[in-house]
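The values are calculated or read from the model by the stated rules, or taken from the named source; none is laboratory data. All figures in this text were calculated on a predicted structure; none of them were measured in a lab. So basically every Cβ, Gly included, is an ideal-geometry build from the backbone, and we count neighbours across all protein chains shown.
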Amino acid sequence: MIRLSDIEDAQTILNGRILRTPMLPAPKFSALTGAEVFVKYENLQVTNSFKERGALNKLASLTAQDRARGVIAMSAGNHAQAVAYHAARLGIAATIVMPVTTPAVKVAATRAYGATVVLHGETIAESQARAEDLHARHGLIFIHPYDDPRIIAGQGSIAIEMLDERPDLDCLVVPIGGGGLISGNAIAAKAINPAIEVVGVEAELYPSMWNALHGEDRPCGGATLAEGIAVKNVGKLTLPIIRELVSDVLLVSESQLERAVNAYLTLQKTMAEGAGAAGLAAMLKEPARFKGKRVGLILCGGNIDPRILASIMVRELERGEQIVSFRLTIPDRPGVLGQIATRLGDLGANILQVDHKRLFLDVPAKGARLDVTVETRDHAHAEEIMAALAADGYHPARIHVSDVMG
């Protein structure tokens, strides 16, 4: 049993040793969702995620003898960094087992904090099996990422801070992996305000908690943007807490996660990884469910691979038709490319890329295929450009940006 007093004790331990992160209103998110949205910026911790809270609370509880043995953990990245960072500060040797699919930025950061990194398995479950083996063989202290009372209590300190600043919150929307974050925060929030609603969010590809709560067996696996919550095994401690205190678990798609990551970057000017943006993704998916409520979001992590982030931004511009690609069939004679470039300029389109091909059997012998990617203002502008090119006799056909830009 984890009580509010345990979470308050954890808050005392954490005070002055981690950042009390800001919680700020997000009027642009409010406009998108119809709710009054507030964001808790846990991505501003030293290791850029909330995981420092639970990790430090657990590590601080170890005896001198336990610290001398060293610790081991398994993680897709954020727990790894938190354990590595605070173990180093406390003079404790740390070994971290990470899936081979972990983004390179998280592996590099974990090593930079001084931990020994072992890459093993495609999933957290496979990494856990290796970590448990090393734990048994070498007598290391196991620091579980979510199924530990002190980890759960540490994470719950977030809700205490949020409700200290905004006691009038109607709802918390919290990402779920193994369940440590939402369990701690549900315990704290419901103890402080029994009327508050706590809603969980999972990636559609990893509906492990959904399955456990609903007695279903939806497929669980695949490459997800939210690798931080890509967990197949729910916690033994966290499941009953979630069953009792969490009113609903929503599942979000990969495109919804992408949209939320992009919204954090373009609207809030802050970095969110897929798991960190899951709460917003749920609100964007079901705005009617939250309309008119005061909602607290936990931006729980900002460790995203820059290459993935760049790809998301381009994909979102394509979805918004601010980047458009089309294929033209043109006469293969001097001056045509110049005429098309001038025409696009006159239409207000900015050319990003051109691919000119002749040797295709689906174009006339005296013709060529031209793939063009341009910047546009919006959907209406894109349609105007397409109509003009059709009127010019170039038979434009829309294609995906990725087909052109690779």
**OP:** Quick one: in the range 174-191, of everything that is in contact with an Asp or Glu (Cβ under 9 Å, 6 or more places away or on another chain) and among the β-branched types (Val, Ile, Thr), which residue is surrounded by the fewest Cβ atoms within 10 Å (Cβ to Cβ)?
**Re:** Ile187
Original post:
Conditions: (1) touching an Asp or Glu at 6+ places or on another chain (Cβ under 6 Å); (2) assigned to a helix (DSSP H, G or I); (3) not aromatic (Phe, Trp, Tyr). Glu258 meets all but one. Number of the miss?
Top reply: (1)
Original post:
If only one of Ala263, Ala212 is within 21 Å of the chain's Cα centre (by Cα) and assigned to a helix (DSSP H, G or I), which one is it?
Top reply: Ala263
Original post:
Would a scan of the range 74-92 turn up a residue that is touching an Asp or Glu at 6+ places or on another chain (Cβ under 8 Å) and over 24 Å from Val174 (Cβ atoms)?
Top reply: no
Subject >> Residue selected from the range 358-398 under the condition of a type in the set (Val, Ile, Thr) and not in a strand (DSSP E or B), by the criterion modelled with the lowest pLDDT >> reply: Val363
Subject >> Hits in the range 272-293 (condition: farther than 21 Å from Pro194 by Cβ, surrounded by fewer than 21 Cβ atoms within 10 Å (Cβ to Cβ) and not small (Gly, Ala, Ser)) >> reply: Leu284, Lys285, Glu286, Pro287, Lys291
**OP:** For the range 37-44, state whether one or more residues are within 24 Å of Tyr113 (Cα to Cα), more than 18 Å from the chain's Cα centre (by Cα) and at pLDDT 95 or above.
**Re:** no
Subject >> Filter result for Gly302 (touching a helix residue (DSSP H, G or I) at 6+ places or on another chain (Cβ under 8 Å) and within 30 Å of Glu227 (Cα to Cα)) >> reply: yes
Original post:
So which helices (runs of 4 or more DSSP H) are wholly in the range 1-109 and hold at least 1 residues that are under 14 Å from Gln155 (Cα atoms)?
Top reply: 4-14, 51-60, 78-89
